[in-house]
Amino acid sequence: MALPFPTDNFFPLSGRCSCATISYQITAFPLITHICYCTWCQRESGSVCGLNTLIESSYFKLTASTKPELISGPTPSGNGQTNARCPLCHDTLFKYYGANRHMTYVKAGTLDRDSFQRVMEGERVHIYAGSKPEWVGLEGERKRGVGVFEEYYVREEVWRKEALERREGLMERVTREKKIEGSEDGDGDGARE
Ligand SMILES: [Zn+2]
Ligand SMILES: [Zn+2]
């Protein structure tokens, strides 16, 4: 079972790159955060996991005058991804998977500390735990009822109802606008559907 994202006293979440040239706000509760231990995320992050917070792009606002550079990169499925990087410090702040620009995957480590704390207390799921290092213990998370999966998960069993409804609305809009040709949240984040 997933934890409900705190719904009281919501304030916009904020984040930035290391040099503060790029900054952003998230203006609605994130749908979920993926803590992904797949080897692809480990290589990309140079660390033990990728940390991606999912939010509809309509709730993600750039708040600096300088825009990030959009850099194309590979994914295991071949659908590709687009990484938004600061043109000066080159930190990656967020990404899109495949052709879908309607869903933003925020690199959660770029959130400001109070926002980071807030998001980490919210709905989250550990995926591809089968390739995490032994020293990353997730028993506490299991006891808290947070989803821990060896590989991927069934969205309907994990996301809260409100988030599922929002995604449904998003996908309907996407289909209507026919702006997308590939799959929605393709992969790279481990989202193999
Ligand atoms: Zn920067
Ligand atoms: Zn991954």
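Please treat every number below as a calculation from the coordinates, not as lab data. These numbers come from a predicted model, not from an experiment. Note that we place each Cβ from the backbone using ideal geometry, even for glycine, and neighbour counts take in every protein chain shown.
Step by step: first the residues of segment 69-115, then only those that are part of a helix (DSSP H, G or I) and free of Cβ contacts under 8 Å to residues at least 40 places away in the same chain, then the one that is surrounded by the fewest Cβ atoms within 10 Å (Cβ to Cβ). Which residue is that? It would help to see each step written out before you state the result.
Taking segment 69-115 first, the residues part of a helix (DSSP H, G or I) are 108-110, 113-115.
From the residues that got through so far, the ones that are free of Cβ contacts under 8 Å to residues at least 40 places away in the same chain too are 113-114.
Details: 113: 8, 114: 11.
Here the answer is 113.
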Query raised in the report: Based on what the data block shows, is residue 141 of a type outside the set (A, V, I, L, M, F, W, C) and assigned to a helix (DSSP H, G or I)?
Result: yes
Query raised in the report: Could you say whether any residue in segment 112-120 is in contact with a strand residue (DSSP E or B) (Cβ under 6 Å, 6 or more places away or on another chain) and within 16 Å of ligand 2 (Cβ to nearest atom)?
Result: no
**Report entry** Check on residue 11, free of Cβ contacts under 8 Å to residues at least 60 places away in the same chain, assigned to a loop (DSSP other than H, G, I, E, B), away from ligand 1 (no atom under 16 Å from the Cβ) and closer than 23 Å to residue 159 by Cα
**Finding:** yes
Report task. Output the residues belonging to segment 51-66 that are in contact (Cβ under 8 Å) with a residue 24 or more places away in the chain and either over 24 Å from residue 159 (Cα atoms) or of a type outside the set (Ser, Thr, Tyr) (or both). Result -> 51, 52, 54, 55, 56, 60, 61, 62, 63, 64, 66
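Report, by residue number, each residue of segment 33-68 that is part of a helix (DSSP H, G or I), polar (S, T, N, Q) and loosely packed, with under 14 Cβ neighbours inside 10 Å.
If the condition is that a residue be part of a helix (DSSP H, G or I), polar (S, T, N, Q) and loosely packed, with under 14 Cβ neighbours inside 10 Å, then 39, 58 are the ones that fit.
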